[in-house]
Amino acid sequence: MKVLTVVGNRPQFIKSGPLSAALAAAGVEEIGLHTGQHWDADLSDVFYDELGLPQPRYRLDLHTADADAMRPRIAEAIEREQPDWTIVFGDTNSTRAGTEASRDSGVRVAHIEAGLRSGDLSMPEEHNRIAVDAAASLLLCPDERSREILLAEGVGGRIEVVGDVMADACFRFEPIARERSTVLKRHELTPGGYVAATIHREANVRPERLARIIDGLGRIGERVVFPAHPRTRATLGALGDLLANIEILSPLGYLDMAALVSQARVLVTDSGGLQKEAYWYGVPCVTARPSTEWKDTVELGANVLVDDDPEKLAAAVAAARMPDERPTLYGDGHAAERVVASLAAA
């Protein structure tokens, strides 16, 4: 069996690691394709280096998030390689472009993280999720909630609950991150003595929204450590001076980011992946979005949605605590093996 895996951004590089190992162990030939949606070395190459990921056979280097630009280049790779499956991850434009190019080429698509819904159609990611799930032949869900959503939508593909491959990576690399990373030492941080923050989604880097989120971070009576995506950093520069409690860092590699988030008192984020990681680390999360696809974390009280309201953000950080009961969510660390078994059975 031959599979094409399409990745384009930081979370997808991380998710691809456990899956690549499981594919290799099963004797499946993997052809990796990196669209170039995240092309900055700090958001791309560092993950391949740190996590020992196999280098992609195809690097499109498109330096864009435009799915229309990606689609014909992905189609060229499909025509050349003739894979049995294309595997796509999550909800990015790379995910959608890989799905549509494969569908048009007659290649079956397996979607990892199928069935997630935030209910917020103002988000481009929500449209991508719905479109990809409608086209996929194999829908690989992180949990039963996602499966029920797909059944209600009447999708045509086969549905399997496999867990979350991000959990596989998180459980494997967190202890390594704490052992190897020097990020706390470099920035003179103590475990539990700071708030970690990361904001990168397109809606949140618009000046008016980002200004409100930064206002909220400035009201926190604690040190805020903020590794900033390049486009976030560009908008921050236009906003002027930040309050003294906010420290902006360059983007971090996976191990440094895992060490930083796993030892923070609270995480403030708009990242879907980091909401889950915070839960697995036992760190309370405050999410600067009006909705989330990871609804279980909110229902359990481990995650609070504050949108861009500065007052609510600061209050949620001050009150943030993990619940006394923390049930297992989104898998047990063996999702990648189940993905490979599902592909083989299809």
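The values are calculated or read from the model by the stated rules, or taken from the named source; none is laboratory data. A quick note: this is a predicted structure, and the numbers were derived from the prediction, not measured. Here the Cβ positions follow ideal geometry from the backbone for every residue, glycine too, while neighbour counts run over all protein chains shown.
A few remarks follow.
- Applying a threshold of 6 Å to beta carbon distances and a minimum spacing of six or more residues, or different chains, the list of pairs starting in segment 242-261 at a residue that is in contact (Cβ under 8 Å) with a residue 60 or more places away in the chain and ending at one that is basic (Lys, Arg) and buried (at least 21 other Cβ atoms within 10 Å of the Cβ) is empty.
- Evaluation of residue 234 against (1) assigned to a helix (DSSP H, G or I); (2) small (Gly, Ala, Ser); (3) at pLDDT below 95; (4) under 19 Å from the mean Cα position of the chain (by Cα) (one fails), failing number: (4)
- Taken as a whole, the structure leaves residue 76 outside the set of residues that are over 27 Å from residue 127 (Cα atoms) and either at pLDDT 90 or above or crowded, with 24+ Cβ neighbours inside 10 Å (or both).
- Number of positions in segment 221-244 that are aliphatic (A, V, I, L, M) and either touching a strand residue (DSSP E or B) at 6+ places or on another chain (Cβ under 6 Å) or not assigned by TED's automatic domain parsing to the domain that holds residue 193 (or both): 3
- Odd one out for residue 120, checked against (1) modelled with pLDDT under 95; (2) surrounded by 15 or more Cβ atoms within 10 Å (Cβ to Cβ); (3) in contact with a Pro (Cβ under 7 Å, 6 or more places away or on another chain): (2)
Rundown of residues vs (1) acidic (Asp, Glu); (2) surrounded by fewer than 21 Cβ atoms within 10 Å (Cβ to Cβ); (3) in contact (Cβ under 8 Å) with a residue 60 or more places away in the chain; (4) not in a strand (DSSP E or B), yes/no style:
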residue: 169; (1), (2), (3), (4): no, no, yes, yes
residue: 172; (1), (2), (3), (4): no, yes, yes, yes
residue: 177; (1), (2), (3), (4): no, no, yes, yes
residue: 188; (1), (2), (3), (4): yes, yes, no, yes
residue: 191; (1), (2), (3), (4): no, yes, yes, yes
residue: 208; (1), (2), (3), (4): yes, yes, no, yes
residue: 211; (1), (2), (3), (4): no, yes, no, yes
residue: 216; (1), (2), (3), (4): no, no, yes, yes
residue: 220; (1), (2), (3), (4): no, no, yes, yes
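- Filter pass, residue 126 being within 18 Å of the chain's Cα centre (by Cα) and not polar (S, T, N, Q): yes
- Among (1) over 27 Å from residue 321 (Cβ atoms); (2) among the charged types (D, E, K, R); (3) surrounded by 19 or more Cβ atoms within 10 Å (Cβ to Cβ), the one test that residue 158 misses: (3)
- Those residues of segment 63-89 which are under 21 Å from the mean Cα position of the chain (by Cα) and more than 27 Å from residue 255 (Cβ to Cβ), in sequence order: 64, 66, 67, 70, 86
- Taken across segment 317-330, residues that are among the aromatic types (Phe, Trp, Tyr) and outside any loop (DSSP other than H, G, I, E, B) do not occur at all.
- Inside segment 226-243, residues that are surrounded by fewer than 21 Cβ atoms within 10 Å (Cβ to Cβ) and under 26 Å from residue 321 (Cβ atoms) make up a count of 2.
- Test: residue in segment 144-161 that is within 16 Å of the chain's Cα centre (by Cα) and within 21 Å of residue 340 (Cβ to Cβ): no
- Any chance residue 55 is on the phi < 0 side of the Ramachandran plot, over 19 Å from the mean Cα position of the chain (by Cα), of a type in the set (S, T, N, Q) and not assigned by TED's automatic domain parsing to the domain that holds residue 295: yes
For (1) among the aliphatic types (A, V, I, L, M); (2) in the same structural domain as residue 272 (by TED's automatic domain parsing); (3) without any contact (Cβ under 8 Å) to a residue 60 or more places away in the chain, each residue gets a yes or a no:
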{"residue": "74", "(1), (2), (3)": "yes, no, no"}
{"residue": "79", "(1), (2), (3)": "no, no, yes"}
{"residue": "82", "(1), (2), (3)": "no, no, no"}
{"residue": "85", "(1), (2), (3)": "no, no, no"}
{"residue": "90", "(1), (2), (3)": "no, no, no"}
{"residue": "95", "(1), (2), (3)": "no, no, no"}
{"residue": "98", "(1), (2), (3)": "no, no, no"}
{"residue": "101", "(1), (2), (3)": "yes, no, yes"}
{"residue": "109", "(1), (2), (3)": "yes, no, yes"}
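- Of all the numbered requirements in (1) assigned by TED's automatic domain parsing to the domain that holds residue 87; (2) without any contact (Cβ under 8 Å) to a residue 24 or more places away in the chain; (3) not hydrophobic (A, V, I, L, M, F, W, C), residue 301 misses one, and that requirement is (1).
- Of all residues assigned to segment 17-26, at least one qualifies as being touching a Pro at 6+ places or on another chain (Cβ under 9 Å), free of Cβ contacts under 8 Å to residues at least 40 places away in the same chain and not in a loop (DSSP other than H, G, I, E, B).
- Segment 304-346, residues that are more than 19 Å from residue 270 (Cβ to Cβ), of a type in the set (Lys, Arg) and in contact (Cβ under 8 Å) with a residue 40 or more places away in the chain: 326, 338
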